[in-house]
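This report concerns only the one structure given below.
The values are calculated or read from the model by the stated rules, or taken from the named source; none is laboratory data. The model shown is predicted, which means the values in this text are computed figures rather than measured ones. Ideal geometry is used to build each Cβ from the backbone, glycine not excepted, and the neighbour counts take in all protein chains shown. Please note that ligands, DNA and RNA were not included when accessible areas were found on the heavy atoms of the full protein model with its side chains. Shrake-Rupley method; radii C 1.70, N 1.55, O 1.52, S 1.80 Å.
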Amino acid sequence: MTHPTVPELDIAAPASDLPIGNHEIVKNSTLICVPLMAATVDQMVIDMVKAKDVGADLVEVRLDCLETFSPRQDLQTLIRDCPLPTLFTYRPKWEGGQYDGDEDRRLDALRLAMELGADYIDVELQVAHEFNNSIHGKKPENFKVIVSSHNYQNTPSVEDLGNLVARIQEAGADIVKIATTASDISDVTRIFQITVHSQVPIIGLVMDERGLMSRILCPKFGGYLTFGTLESGIVSAPGQPTIKDLMNLYNFRQLGPDTKVFGIIGKPVSHSKSPILYNEAFKSVGFNGVYLHLLVDDIANFLHTYSSTDFSGFSCTIPHKEAALKCCDEVDSVAKSIGAVNCIIRRQSDGKLFGYNTDYFGAISAIEDGLRGSHNNSSTINSPLAGKLFVVIGAGGAGKALAYGAKEKGARVVIANRTYDRARELADTIGGDALSISELNNFHPEDGMVLANTTSIGMQPKVEETPISKHALRSYTLVFDAVYTPKMTRLLREAKDSGATIVSGLEMFIRQAYEQFERFTGLPAPKELFREIMAKYT
Ligand code: NAP
């Protein structure tokens, strides 16, 4: 099976530096369009003003969402009162919209919108020929017809998409719009290829969470516009981000053909705070990169599909850390021993993939500082872990990192896991002991032990769960929880009540992120900023 790759970007559509406001320089000419789906004209007008306030370039008025519609009067109001350019769409049910009335009335309303001063209208490919013939010679200057095709099942092959673009052009489109559906994130590459090679202005978007990348990276590939909603979840098509996220989280105006792409590979992944952290940090140091949520089913296929050096680095989370190791051309010795990779760097000179484990450093340094009674990350020659009995709950990616790290620092390690065989296997590999998780509550061979939870027990939404009884925590001098949503888990609360020093998973997260940032950018991590961001968002 061959996998299409994203073309190198020197052939991307031209992007210019366009000044906006007093200070910001826009690095691309891709527009942000806010879809308006209110049930009344009055609410649409309120939303138009909101869209302008948050920085939209135009609005899409979804006429099919209006509960009552008097074409002439309502179109006049909507056009007159809109502080932004307008795109009118009157989507029929047969193309995924809400209108199921008479076709002539629908197309008449769109023609009227054009006559009354709309900047764009959207017509579906199926009726575009007839519609464009009917307005031939009557189109106002600067008015543009978007001819759209929506596929709610899948994303066709590049060849089929190319044929579709040709048909849309033949139907008289000024702007081509293709929206497909992603069943796998690798489907998005086909839309990128079509967009980057298009001779006509094109809107190429892939719906659903697996298609999110298509909506954010369109400036990189020369897309004409993307949609950003006013409110999270109030979407006109599945997978649309908010305009606030486009502008503030993904730094959309600064993206261009040279922007390097990074992201967190996981499943699920939408909960991850990593994009907030890295994008803010990229911005603060002036690094031309964007960091995305990447909902990936098959990591090998993903890395193979997006093999351009522009897809420069990835963090890996559940359930891909172990599979990630097998996908790398080279893996550093720590990650190899742990058996899990959580950071992949693509070497720019030859595209080779290098795997690292930054969880190890993040967790162990945070625990060492907790034992030393400081958070200054200072290192002394002897680790305070040396000689300690270190109990790790969990034997997955994070469990391996903690167990390996503690052993390296001279601790005696015990692994407790739900699946005892995995605990046994890890204990044998690193030279430690194994328990089943049910034995934990009665395990107190000595005082002053260190406990590290590396399971997802206690993570949102099941915040009342804990892996060990409060009573058993009395034997521990320090308790660490890898879970960081919430920051204060039940385990940490009860450990604190029992007198133990507690170290949050957030500390591990921040520290492992420093290292990933430095590997991604080659620049020192803005450490204070990382802490400020995580304090704000957790
Ligand atoms: P993983 O490789 O999938 O391993 C999960 C581990 O948790 C396995 O040992 C599994 O036991 C155990 N487990 C899962 N659900 C359980 C349950 N209901 N009861 C008992 N044991 C259960 O995942 P991972 O990558 O190691 O991540 C584990 C946790 O660490 C997650 O909460 C993750 O968010 C957190 N983490 C935090 C950071 C950070 O920076 N703070 C970094 C990495 C991970 P079995 O072997 O029996 O399946």
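Does P275 fit the bill of being within 24 Å of G211 (Cα to Cα), within 16 Å of the ligand (Cβ to nearest atom) and open to solvent by 10 Å² or more (accessible area, probe 1.4 Å)? So P275 fails the test.
Going residue by residue through region 403-410, is there one that turns out to be within 17 Å of I338 (Cα to Cα), under 31 Å from the mean Cα position of the chain (by Cα) and not small (G, A, S)? The answer is yes; a qualifying residue exists.
The residue that is nearest to the chain's Cα centre (by Cα), among those in region 461-478 that are near the ligand (Cβ under 10 Å from one of its atoms) and surrounded by fewer than 16 Cβ atoms within 10 Å (Cβ to Cβ), is K462. Restricting V290, V261 to residues that are more than 15 Å from the ligand (Cβ to nearest atom), open to solvent by less than 10 Å² (accessible area, probe 1.4 Å), touching a Ser or Thr at 6+ places or on another chain (Cβ under 6 Å) and touching a residue at least 24 places away in the same chain (Cβ under 8 Å) narrows the list to V290.
Filter region 479-537 for residues that are part of a loop (DSSP other than H, G, I, E, B) and either within 16 Å of the ligand (Cβ to nearest atom) or touching a Cys at 6+ places or on another chain (Cβ under 8 Å) (or both) and give the result.
Across region 479-537, the qualifying residues are A482, V483, Y484, T485, P486, K487, M488, T489, S504, A525.
Applying the condition of being among the hydroxyl-bearing types (S, T, Y) and under 26 Å from the mean Cα position of the chain (by Cα) to region 350-370 and asking which residue is surrounded by the fewest Cβ atoms within 10 Å (Cβ to Cβ) yields Y356. Evaluate region 402-412: report whether one residue or more is open to solvent by 30 Å² or more (accessible area, probe 1.4 Å), on the phi > 0 side of the Ramachandran plot and among the small types (G, A, S). Scanning region 402-412, I find at least one residue that is open to solvent by 30 Å² or more (accessible area, probe 1.4 Å), on the phi > 0 side of the Ramachandran plot and among the small types (G, A, S), so the answer is yes.
Mind listing just one residue for me: the one in region 155-171 that is outside any helix (DSSP H, G or I) and open to solvent by 30 Å² or more (accessible area, probe 1.4 Å) and, of those, nearest to G228 (Cα to Cα)?
Going through region 155-171, the residues outside any helix (DSSP H, G or I) turn out to be 155-157, 171.
Filter again for open to solvent by 30 Å² or more (accessible area, probe 1.4 Å), leaving 156-157.
On the way: P156: 24, S157: 27 Å.
Here the answer is P156.
Only one residue in G137, G101 is open to solvent by 60 Å² or more (accessible area, probe 1.4 Å) and in a loop (DSSP other than H, G, I, E, B), so which one is that? I'd like the intermediate steps shown before the answer.
Working: G101 fails: open to solvent by 60 Å² or more (accessible area, probe 1.4 Å).
After ruling out the rest, the residue left standing is G137.
The C-beta contact set for region 82-101 (first residue on the phi > 0 side of the Ramachandran plot, second residue open to solvent by 50 Å² or more (accessible area, probe 1.4 Å), distance under 9 angstrom, 6+ apart or interchain) comprises G96/Y152.
Checking V200, V235 one by one, the residue that is open to solvent by 10 Å² or more (accessible area, probe 1.4 Å), farther than 25 Å from A513 by Cβ and touching a helix residue (DSSP H, G or I) at 6+ places or on another chain (Cβ under 7 Å) is V200 and no other. Looking at Y278, is it touching a Pro at 6+ places or on another chain (Cβ under 6 Å) and either in contact (Cβ under 8 Å) with a residue 24 or more places away in the chain or farther than 19 Å from G222 by Cβ (or both)? Judged against the criteria, Y278 is not a match.
Looking at region 386-425, which of the residues that are over 19 Å from F361 (Cβ atoms) and of a type in the set (A, V, I, L, M) is farthest from the ligand (Cβ to nearest atom)? Among them, the one singled out is L389.
Return the residue satisfying two criteria in turn: it lies in region 308-336 and is of a type in the set (S, T, N, Q) and crowded, with 17+ Cβ neighbours inside 10 Å, and of such residues it is farthest from the ligand (Cβ to nearest atom).
Step one: of region 308-336, the residues of a type in the set (S, T, N, Q) are 308-309, 312, 315, 317, 333.
Then drop every residue that is not crowded, with 17+ Cβ neighbours inside 10 Å, which leaves 308, 312, 315, 317.
Working: S308: 28, S312: 21, S315: 10, T317: 6 Å.
Ranking the candidates gives S308 first.
For G162, state whether it is within 25 Å of K283 (Cβ to Cβ), modelled with pLDDT of 95 or more and of a type in the set (G, A, S).
Values: within 25 Å of K283 (Cβ to Cβ): no; modelled with pLDDT of 95 or more: yes; of a type in the set (G, A, S): yes.
No.
Against the numbered list (1) more than 12 Å from the ligand (Cβ to nearest atom); (2) over 20 Å from I468 (Cα atoms); (3) aromatic (F, W, Y); (4) touching a residue at least 40 places away in the same chain (Cβ under 8 Å), F443 comes up short only at (2).
Residues in region 479-503 that are of a type in the set (S, T, Y) and open to solvent by 20 Å² or more (accessible area, probe 1.4 Å): Y484, T485, S498, T501.
Restricting to region 493-522, name every residue that is over 30 Å from S475 (Cβ atoms) and among the hydroxyl-bearing types (S, T, Y). Step through it out loud before you land on a result.
From region 493-522, those over 30 Å from S475 (Cβ atoms) are 513-522; that's our starting set.
Those that are over 30 Å from S475 (Cβ atoms) and among the hydroxyl-bearing types (S, T, Y): Y514, T521.
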